[in-house]
Amino acid sequence: MTKAELFSQIKKKSSFLCVGLDADINKIPKHLLKEKDPIFSFCKEIIEETADFAVAYKPNIAFFEALGTEGWETLQKVLELIPKEIFTIADAKRGDIGNTSKLYAKAFFEKMDFDSVTVAPYMGVDSVTPFLEFDEKWVILLALTSNAGSMDFQLIKDEQGKPLYQTVLEKSQSWGSDENMMYVVGATRGELIGEVRKVVPDHFFLVPGVGAQGGSLSEVAKYGMNSTCGLLVNSSRGIIYASEGTDFAKVARKESEKLQIEMKDLLEKYL
Ligand SMILES: O=C(O)c1cc(=O)[nH]c(=O)n1[C@@H]1O[C@H](COP(=O)(O)O)[C@@H](O)[C@H]1O
């Protein structure tokens, strides 16, 4: 998918919502456990009910991988369910020496037809560029993550006072462009999102951390929105586990609609 197509979908739906498919067999409603493939049934109902409000889906690969071969098959079936105009993110956080990254890229972009994959920058240029060699496919590079451990490395300052995440942003801009690279910036980072935006004015950000992790959607938009929106805001647990009952998908619909309504106002305010 191109950046123009993504932006056009954001305008059409008045939404920059990414629904996170962190489909945990221990958390999905119990009545689904009698189904042949409970995770598939769960994701199917979630996708059917939230697709009106979502511009992206982010299956978290760990939740599928943990189920072994069957989990990979489920992931493939779930991916095929997602309407073609909706952006798909393989949240796999990959990155290795070049020839290995090349095969990770093939797995997610050719074997499975994801639009994008999350990649860790730690191993540097040759671990990331193999993912950038596919037309209309995207790398979403970890920059400033939402978790407490992001302090351990990402916020360490060099002698000039520049935090490591900023070096990642600066250096990686020559690896790709705003047409094939996005950055992960956690919603829990408040005004630091504005600092990231100063370094990368045009790139899209994938922003997890709204909902269960307590990030503020209005702060994200205030500090992060640019002229093509530039934001995909993810919520996983806050949507998909909003109810444990048989009404889980309907409740997920309501939760995603609530976020979409808020997003519509923010788009009108800042775009
Ligand atoms: O790359 C990610 O998606 C990610 C980066 C980050 O900094 N923080 C973060 O929470 N995530 C992912 O975003 C999702 C957040 O889920 P919820 O907290 O349930 O909304 C999970 O799938 C995380 O793996």
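The values are calculated or read from the model by the stated rules, or taken from the named source; none is laboratory data. None of these values were measured; they are calculated from a predicted model. Cβ sites come from the backbone with ideal geometry, for glycine too, and all protein chains shown count toward neighbours. The area values use the complete protein model at the heavy-atom level, side chains included, leaving out ligands, DNA and RNA. Shrake-Rupley method; radii C 1.70, N 1.55, O 1.52, S 1.80 Å.
Looking only at region 114-133, filter to residues that are over 19 Å from the mean Cα position of the chain (by Cα) and not hydroxyl-bearing (Ser, Thr, Tyr); which one of those is nearest to the ligand (Cβ to nearest atom)?
The extreme case among them is Met123.
Restricting region 84-110 to residues that are surrounded by 15 or more Cβ atoms within 10 Å (Cβ to Cβ) and among the polar types (S, T, N, Q), which is nearest to the ligand (Cβ to nearest atom)?
Across region 84-110, the extreme among qualifying residues is Thr88.
Could you please find all residues in region 165-210 being surrounded by 24 or more Cβ atoms within 10 Å (Cβ to Cβ) and basic (Lys, Arg)?
Within region 165-210, Arg189 is the sole residue that qualifies.
Enumerate the helices (runs of 4 or more DSSP H) found wholly within region 1-83, keeping only those where 1 or more residues are surrounded by fewer than 19 Cβ atoms within 10 Å (Cβ to Cβ) and in contact (Cβ under 8 Å) with a residue 60 or more places away in the chain.
Per the criteria, 3-13, 38-50.
Of all residues being surrounded by 22 or more Cβ atoms within 10 Å (Cβ to Cβ) and within 10 Å of the ligand (Cβ to nearest atom) in region 211-231, which is nearest to Ile193 (Cα to Cα)? Just the residue, please.
Here the answer is Gly215.
Restricting to region 84-97, name every residue that is of a type in the set (Lys, Arg) and in contact (Cβ under 8 Å) with a residue 12 or more places away in the chain.
Lys93, Arg94
Only residues that are part of a helix (DSSP H, G or I) and open to solvent by less than 80 Å² (accessible area, probe 1.4 Å): list them for region 115-164, please.
Within region 115-164, Val125, Ser127, Val128, Thr129, Pro130, Phe131, Leu132, Ser150, Leu164 qualify.
Check whether at least one residue in region 221-238 is at pLDDT 95 or above, of a type in the set (Ser, Thr, Tyr), closer than 30 Å to Ser41 by Cα and in contact with a Lys or Arg (Cβ under 9 Å, 6 or more places away or on another chain), and report yes or no. Lay out the reasoning, then the answer.
The first filter runs over region 221-238 and keeps only residues at pLDDT 95 or above, leaving 221-238.
Right, trim to of a type in the set (Ser, Thr, Tyr) and you get 223, 227-228, 235-236.
Filter again for closer than 30 Å to Ser41 by Cα, leaving 235-236.
Now restrict to residues that are in contact with a Lys or Arg (Cβ under 9 Å, 6 or more places away or on another chain): 236.
Yes, region 221-238 contains at least one residue that is at pLDDT 95 or above, of a type in the set (Ser, Thr, Tyr), closer than 30 Å to Ser41 by Cα and in contact with a Lys or Arg (Cβ under 9 Å, 6 or more places away or on another chain).
I'd like the full set of residues that are among the β-branched types (Val, Ile, Thr) and away from the ligand (no atom under 12 Å from the Cβ), limited to region 10-61.
Those that are among the β-branched types (Val, Ile, Thr) and away from the ligand (no atom under 12 Å from the Cβ): Ile10, Ile25, Ile28, Ile39, Ile46, Ile47, Thr50, Val55.
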